[in-house]
1. Which one is nearest to residue 342 (Cα to Cα), of the residues in region 237-246 that are under 25 Å from the mean Cα position of the chain (by Cα) and buried (at least 22 other Cβ atoms within 10 Å of the Cβ)?
2. Out of (1) within 35 Å of the chain's Cα centre (by Cα); (2) under 30 Å from residue 271 (Cα atoms), what's the single condition that is false for residue 720?
3. Check off (1) crowded, with 19+ Cβ neighbours inside 10 Å; (2) touching a helix residue (DSSP H, G or I) at 6+ places or on another chain (Cβ under 9 Å); (3) in a loop (DSSP other than H, G, I, E, B) for residue 585 and give me the number that stays unchecked.
4. Kindly establish whether residue 880 is touching a residue at least 24 places away in the same chain (Cβ under 8 Å) and touching a helix residue (DSSP H, G or I) at 6+ places or on another chain (Cβ under 6 Å).
5. Does region 319-332 include one or more residues that are touching a residue at least 60 places away in the same chain (Cβ under 8 Å), in contact with a helix residue (DSSP H, G or I) (Cβ under 6 Å, 6 or more places away or on another chain), crowded, with 20+ Cβ neighbours inside 10 Å and under 14 Å from residue 245 (Cβ atoms)?
6. Go through 430, 425 for me and flag whichever is surrounded by fewer than 24 Cβ atoms within 10 Å (Cβ to Cβ) and closer than 24 Å to residue 665 by Cα.
7. Could you grab me the full set of residues in region 100-115 that are in contact with a strand residue (DSSP E or B) (Cβ under 8 Å, 6 or more places away or on another chain) and over 20 Å from residue 253 (Cα atoms)?
8. Which condition from (1) surrounded by fewer than 24 Cβ atoms within 10 Å (Cβ to Cβ); (2) over 26 Å from residue 846 (Cα atoms); (3) touching a strand residue (DSSP E or B) at 6+ places or on another chain (Cβ under 6 Å) is the one that residue 294 breaks?
């Protein structure tokens, strides 16, 4: 039935003469929709051959424009390429081979770029020497987008032009021609830089180079040079090793530049009934000790006696020591293992003593070790602390007219920094080649601002005979210039360093472009030199005598070391590394003094957990020869009694963002570059707040990391060393994999791809490279120390570290199974409390943990908005737009791998890290969403990478080969601990791994049916 009623929205509509009302009745929007700006004029549209797909694009654009006009939102004009680079396809990644060589970390790498922006670092798998990218190398891409980088050259502290700087430096060089001109540099290990230095000396004959390694290896370098007449370090290939004995050498970590863990991990995986036997003698708990079959905590003094004893037993000679019966027996067993393994055995020494290093070389020579390579040594450490000390004296005397500093910050890192700074003022011309205003650059007359290595050219001979090349992956972001270009200009040459490098390359007939593409070439002969060094000599007999008679001289022996995250501190302004948990202590944003439980009790030092579970502890005061530092004390299981450990690389303030000015500078204890010192330690009182990502230290006998010994594994009795969990069904023990106890309805997973991941606990060393790679690939935010203390860290992938509560994990399990009742001597009430406390000399195990992508996922069933769902390819998906933040999924996850965005971490001044500025956000991967506040996130199994692989194969019209599917963590793990692939491909490696007897699923008794599996850890107690 029709009606004559009229309806109106406002009283203005009743006025028929109102022009505004008439206008609005004819137009939906108050302002015109700017569709013409998107669609062009009518003639052009009629003449075009627009496809249906393009038409839909235009419609989409029109709808977006309508929305903008209606909401009166801001209009952002895009600027397209005027001339798009031929090889740049929007949405597609480009890869370039280059090299990092910052004086501490050296590696041949591959750089992923998107639309001209480097966003990800990978190791170069084509090179056989030093291609492994550690956590710091992976994180180095973030340094390119560091807001604290210098933007221009500086003259007398003020911004200047390069022409002004060049003119004044030339004048000063000529004015000081009668005095020494010294280049104080990092180790470049560069043939072209060596050649360039020689040519610069031709222009200025009084030039000399002093190489300064911030954390050097002087004793090992001197010993190697004395024996083999070349300044370098022996290389080691552990993949065929049968017996490894480490004495104070953290070779799985940063010892002598690192990069040994890949081949070491290969030797640790049982194959054909064999795996290496590893014995470690050390003071601090290190990655090497944590991965050893047998570890003995000993003081540095005892380590010297151990080297003497091993030399005596393998080579010969008399060595009388004061070792305890337990340690003496361990040394005897180690010597027997070495002799049995013969050429497949090796001894490694980290003692900063030339005599100890020389005797170690002699032991390996007597064994005929094929594990050690002295013919093609490592050249990434060339420094001489004696030469640096002499330079300081020369500067004090006024004999030095000019000093050029490159790649080092001695005002911060030299042990007597005040003396260096005072002598520095005596130099008429002080030039610093620096990328930030560090402590040395701040006191320099001129700062020749240098680019990031991803903006640079160069060559690096990390291992004799193999030269890695460095090429820019992006145009310089700022007005910077390489040191090499400056030297060419100041010596009167018009040649650019790029052309100089190309012309000086000896690529053995390989084309320059091919070498750049590969990232390296083979050289005919080494041309890398390490400056002017006088090498002392030590007699083996006197070294044996001195080491045998070594005695402790102070209350405590301090062992200085570098942490996996910060290394020597050159990347201290990198928030990814600041928030990377230490693999041993699981602590972030700090350094501290590690001390044993017994020593801590004696000094009144304690650690304890507060109400929210966070760890607090008292301070200690460390004293040595007038140097005194107040530093937090952390009680470390496995620390040798009578020793303490402090990490170098912290305490930087100059050129560092305030949030990253963390920890205490321990370099004043690094006297003469020696990492072992006698110190006094007392309690400092006070309370320090630690930021730890793991607060439980033991497994308490639970079946989380499965272990067995080699002898048991060789029996082949899988039901004994890797039993399938059982549950009760009608009072009958039934395997948890039986369909009779499965509450879920299964579906066909054999169609298409189905992704699985395997983690080998024998190959995982806990290095943390996978954690940083995951950060970079998936735009994982940094939350800061305060939030980490509240257990709000956002790592998608973590590496849990467990200590045994007794002598071994097997004993822990036996103790738990022996509980009887609640009370009494074997009561569970007190027994479980004891199992929470790590042993003084514990076993250690690592377990990488990410979303397990369960086929029967508990998170999916409790999400009220279906934000957590399962995909056809096996991944557990997280739909961010659906998530309303109930966090039911996190509560229901037995693996605790989900992360909640408590705050907006992107563009928030409260979280002033790289995501809070436009430059820092350039590192963001455009293939992955940046999550917002109130959203749950977790490992996606890098679905963007697997989908790209599928699309590339589809575009090429081919089948996908095994090994093409990868995730960020599997790509980063050079140790081979992480295998990823399609389980439906019966010829794939992941399928083969799943059939192995060592395979098990974490918490399998829960019935979640994960798509991530683990391999039982095997220890080889006897060689």
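The values are calculated or read from the model by the stated rules, or taken from the named source; none is laboratory data. If you're wondering where the values come from, they're calculated on a predicted model, not measured in any experiment. Cβ sites come from the backbone with ideal geometry, for glycine too, and all protein chains shown count toward neighbours.
1. Of the residues in region 237-246, the ones under 25 Å from the mean Cα position of the chain (by Cα) are 237-239, 244, 246.
Retained after the next criterion (residues that are buried (at least 22 other Cβ atoms within 10 Å of the Cβ)): 238, 244, 246.
On the way: 238: 14, 244: 11, 246: 16 Å.
Among those residues, the one meeting the criterion is 244.
2. Only one criterion is unmet by residue 720, namely (1).
3. Of the numbered conditions (1) crowded, with 19+ Cβ neighbours inside 10 Å; (2) touching a helix residue (DSSP H, G or I) at 6+ places or on another chain (Cβ under 9 Å); (3) in a loop (DSSP other than H, G, I, E, B), the odd one out for residue 585 is (2).
4. no
5. no
6. Criteria check complete, one pass: 425.
7. Scanning region 100-115 gives 110, 111, 112, 113, 114.
8. Looking at each condition in turn, residue 294 falls short on (2).
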